[in-house]
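Reviewing the structure listed below.
The values are calculated or read from the model by the stated rules, or taken from the named source; none is laboratory data. Quick caveat, the model's predicted, so the values are computed rather than measured. We place every Cβ from the backbone using ideal geometry, glycine too, and count neighbours over all the protein chains shown.
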Amino acid sequence: MSKYVIVGASAAGLGAVEAIRKVDPTGTITVITDETCAHYSRPMISDFISGKADMKKINCRTEEFWKENNVEAVMGKKATALNLTEKTVQLESGEKISYEKLLLATGGKPFVPKTEGSEKDGVFTFTTIGDAQRIAAKIDTINAKAAVVIGGGLIGISVTEALVKRGLKVTIVELQDKILSLLLDAKGSDIVETVVKKAGVNVVTGQSVQKILGKPGNDGVVGGVLLTKGSQVACDLVIMAIGVIPRTDLVVGSAVKINRGIVVDNLMQTNIPDVYASGDVAEAYDFIINQNRTLPLWPLAILEGQVAGYNMAGKTTTYGGGTNMSSLKYFGIPIVSIGLANPKEDPMLEVLVKQDFEHNIYKKLVFRNNVIVGITLVNSIERAGILFYLMKNAINVKKFKQELLSDDFSWANLPVGLQKKMSLVQ
Amino acid sequence: MVKRIIAKQEVCIGCGLCEVYCTVQHSKSKDIVKAYNSERPKPISRVTVERNKPVSFAIQCRHCEDAPCVTACLSGAMQKDEKTGQVTHNKEKCMGCWTCIMICPYGAIKMDIEGHVVTKCDLCQGFDEPACVANCPNQALVFKEVKP
């Protein structure tokens, strides 16, 4: 019997542990994870491949995190079944752990499109440290020279940079017409594509991989890919980096309500009493589109986990919502994208743009009723947080709208009332 | 209660000396000429003078009670020290992902591009007063306890 049982030990699980311990220093906490590496930073796995981060650096909490928080960590074991009446979680071994409050923080699993040849040796997904270790080891063992990365989104770009740093020739294959299409509009994407190509990466857009090919004389080993328009790319590795989908396996078939992800309210509660969900597996509130959706993002998972943790421990806390928001560091071109990046023509929306292509700078703001609902910043991101503050608090920016994109925009451009509210001035 | 640096906008003349002293304080050499001309990675001022003539005032990390940068940090580099109330940044752990920059409502976190990390005000650990406060010619910066 554990007072709190948390399935999943990544961002949402960690956030929940920390929140529970702020309210309840003694209630028993059990964390179950099928991974064997504890509390590591998932976004840092590309740095592990590139060699920039070792196993010590990738640990995003203290070495003694479980001990310090008095957590019973069940590592390397998979939770396979829920019994909501009995209030137990069953492990693969058959062992049952009963709970008073349960958090489902099972995260996401890589989306892998059905592709002929995907069982070949040399095909990898890219979401866990295990994936990163296997890829790094493979590069060394076969002295890999070339890789195809399927997916030109955030994950695809991150693994591409790591592989380039390891000296591989990389081809990105992106189904959409532009890379990073969820984060940037065409102009922003073009800047990044130019930079990525300059680093020696081959970018193929508007196509996907129809077949993974074997090596001549050794069909079980990756030798290349066949693209949908008929051309071939030779490679030693194929990385599936399209994205993640909610990892709902544990709850499928139970009474817990699932849409795309697990449905939760603003306390991160599911439809079942005492059962909560957070992170990539949950559909939490997006304050820009004003509805719940899956958003597989580390900072939001921590925040949602915290909200669940507080509520599980009896401190009522409401989730204020997140939105699609990412910052990127790859290929030396910093990017921030928050909210609506590339909205369709809409008379309700106003768009302001500032560009300086010579310096790879592109800034774009989207407004609805004089409130910021979209922020895109390429290679000029240092004031992003101020803009996000205005967005998150739905502040009417009509009076200083034109200043928001100026090169020297700062808190000094904002009303004294706001400066005082934020205790910036007396 | 943690002491914070508060700007007196009405007496700030926007001279930028706070930035200069902060840069030197956080340089390896502690020498103004070397700090600005030769040191690599280039020392960075953790305080910024926000200017919109005639208004100016300095901003640095507010060491928030419920710090969004700590929650959002992907690497665990940004931490809240429960004892001192300060938000600390561990450069060794930082992965330079810029998430804290995206999330800080004050725009108080700076990019150390050469170091591939961020940097921010540490309230000049080990000194009675932060360098920006001690060296402001107009006493436009005050170091005092304020309500979070």
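Listed residues A:Arg61, A:Arg42; which is in contact with a Phe, Trp or Tyr (Cβ under 7 Å, 6 or more places away or on another chain) and closer than 30 Å to A:Lys329 by Cβ?
Answer to the check: A:Arg42.
For the condition among the polar types (S, T, N, Q) and crowded, with 19+ Cβ neighbours inside 10 Å, what is the one hit in A:Thr205, A:Thr171, A:Thr194?
Being among the polar types (S, T, N, Q) and crowded, with 19+ Cβ neighbours inside 10 Å holds for just one of A:Thr205, A:Thr171, A:Thr194, which is A:Thr171.
Within the stretch A:123-143, can you find the residues that are out of contact with any Phe, Trp or Tyr (no Cβ under 9 Å at 6 or more places or on another chain), surrounded by fewer than 18 Cβ atoms within 10 Å (Cβ to Cβ) and not small (Gly, Ala, Ser)?
Correct list: A:Asp140, A:Thr141, A:Ile142, A:Asn143.
Residue under question is A:Gly417, and the condition is that it be outside any strand (DSSP E or B) and either surrounded by fewer than 18 Cβ atoms within 10 Å (Cβ to Cβ) or away from chain B (no Cβ under 14 Å) (or both); does it hold?
yes
Within the stretch A:1-24, track down each residue that is of a type in the set (S, T, N, Q) and within 14 Å of chain B (Cβ to nearest Cβ).
Matches in the stretch A:1-24: A:Ser10 only.
Could you tell me which residue of the stretch A:404-414 is surrounded by the most Cβ atoms within 10 Å (Cβ to Cβ), considering only residues that are more than 10 Å from chain B (Cβ to nearest Cβ) and modelled with pLDDT of 95 or more?
Step by step, filter the stretch A:404-414, then rank; the result is A:Leu404.
In the stretch B:112-122, which residue that is touching a residue at least 24 places away in the same chain (Cβ under 8 Å) and within 13 Å of chain A (Cβ to nearest Cβ) is surrounded by the most Cβ atoms within 10 Å (Cβ to Cβ)?
Selected residue: B:Val118.
Restricting to the stretch A:380-403, count the residues that are at the interface with chain B (Cβ under 8 Å from one of its Cβ atoms) and among the aromatic types (Phe, Trp, Tyr).
Of the residues in that region, 2 qualify.
Quick one: which helices (runs of 4 or more DSSP H) sit completely within the stretch A:47-159 and have at least 2 residues that are not assigned by TED's automatic domain parsing to the domain that holds A:Leu267?
In the stretch A:47-159, A:129-142 are the helices (runs of 4 or more DSSP H) which contain 2 or more residues that are not assigned by TED's automatic domain parsing to the domain that holds A:Leu267.
Taking the criterion of being over 22 Å from A:Ala11 (Cβ atoms), within 28 Å of the chain's Cα centre (by Cα) and either surrounded by fewer than 20 Cβ atoms within 10 Å (Cβ to Cβ) or touching a residue at least 24 places away in the same chain (Cβ under 8 Å) (or both), would at least one residue in the stretch A:92-100 satisfy it?
yes
For the stretch A:339-352, check the following and say yes or no: at least one residue is in contact (Cβ under 8 Å) with a residue 24 or more places away in the chain and within 12 Å of chain B (Cβ to nearest Cβ).
Yes, that holds for at least one residue.
Please report, ordered by residue number, the helices (runs of 4 or more DSSP H) entirely within the stretch B:35-148 with at least 1 residues that are under 25 Å from A:Leu14 (Cα atoms) and of a type in the set (Val, Ile, Thr).
By residue number, B:68-72, B:99-103.
Yes or no: A:Leu213 buried (at least 19 other Cβ atoms within 10 Å of the Cβ), modelled with pLDDT of 95 or more and part of a loop (DSSP other than H, G, I, E, B)?
no
Tell me which of these A:Ser423 doesn't satisfy, since it passes every other one: (1) within 12 Å of chain B (Cβ to nearest Cβ); (2) modelled with pLDDT of 95 or more; (3) part of a loop (DSSP other than H, G, I, E, B).
(2)
Mind telling me which of the residues A:Lys52, A:Lys67, A:Lys101, A:Lys96 ends up being out of contact with any Leu (no Cβ under 9 Å at 6 or more places or on another chain), of a type in the set (D, E, K, R), over 30 Å from A:Leu227 (Cβ atoms) and within 14 Å of chain B (Cβ to nearest Cβ)?
Being out of contact with any Leu (no Cβ under 9 Å at 6 or more places or on another chain), of a type in the set (D, E, K, R), over 30 Å from A:Leu227 (Cβ atoms) and within 14 Å of chain B (Cβ to nearest Cβ) holds for just one of A:Lys52, A:Lys67, A:Lys101, A:Lys96, which is A:Lys52.
Results for (1) touching a Phe, Trp or Tyr at 6+ places or on another chain (Cβ under 8 Å); (2) small (Gly, Ala, Ser), shown as yes or no for each residue.
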residue: A:Ala105; (1), (2): no, yes
residue: A:Phe111; (1), (2): no, no
residue: A:Lys145; (1), (2): no, no
residue: A:Ile150; (1), (2): no, no
residue: A:Leu154; (1), (2): no, no
residue: A:Val159; (1), (2): yes, no
residue: A:Thr171; (1), (2): no, no
residue: A:Lys178; (1), (2): no, no
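With the condition kept exactly as written, say whether any residue in the stretch B:123-134 is in contact with a helix residue (DSSP H, G or I) (Cβ under 8 Å, 6 or more places away or on another chain) and facing chain A (nearest Cβ under 10 Å).
Scanning the stretch B:123-134, I find no residue that is in contact with a helix residue (DSSP H, G or I) (Cβ under 8 Å, 6 or more places away or on another chain) and facing chain A (nearest Cβ under 10 Å), so the answer is no.
Between A:Val221, A:Val275, which is of a type in the set (Val, Ile, Thr) and surrounded by fewer than 18 Cβ atoms within 10 Å (Cβ to Cβ)?
A:Val221
Could you go through the stretch B:19-34 and let me know if any residue there is in contact (Cβ under 8 Å) with a residue 40 or more places away in the chain and of a type in the set (Gly, Ala, Ser).
No: zero hits.
Which members of the stretch B:69-103 meet the condition of being crowded, with 22+ Cβ neighbours inside 10 Å and more than 7 Å from chain A (Cβ to nearest Cβ)?
B:Cys69, B:Cys73, B:Ala77, B:Met78, B:Val87, B:His89, B:Cys94, B:Cys100, listed by residue number.
Pairs only if they're at least six apart or on different chains, beta carbon under 6 angstrom, first in the stretch B:83-94 and on the phi > 0 side of the Ramachandran plot, second of a type in the set (A, V, I, L, M, F, W, C) and in a loop (DSSP other than H, G, I, E, B); list them, first residue then second.
Hits for this filter: B:Gly85/B:Val2.
What number goes with the only condition from (1) within 11 Å of chain A (Cβ to nearest Cβ); (2) crowded, with 24+ Cβ neighbours inside 10 Å; (3) under 23 Å from A:Pro334 (Cα atoms) that B:Val47 does not pass?
(1)
Can you tell me which residues in the stretch A:11-33 are buried (at least 18 other Cβ atoms within 10 Å of the Cβ) and either touching an Asp or Glu at 6+ places or on another chain (Cβ under 8 Å) or basic (Lys, Arg) (or both)?
Correct list: A:Ala12, A:Gly15, A:Arg21, A:Ile29, A:Thr30, A:Val31.
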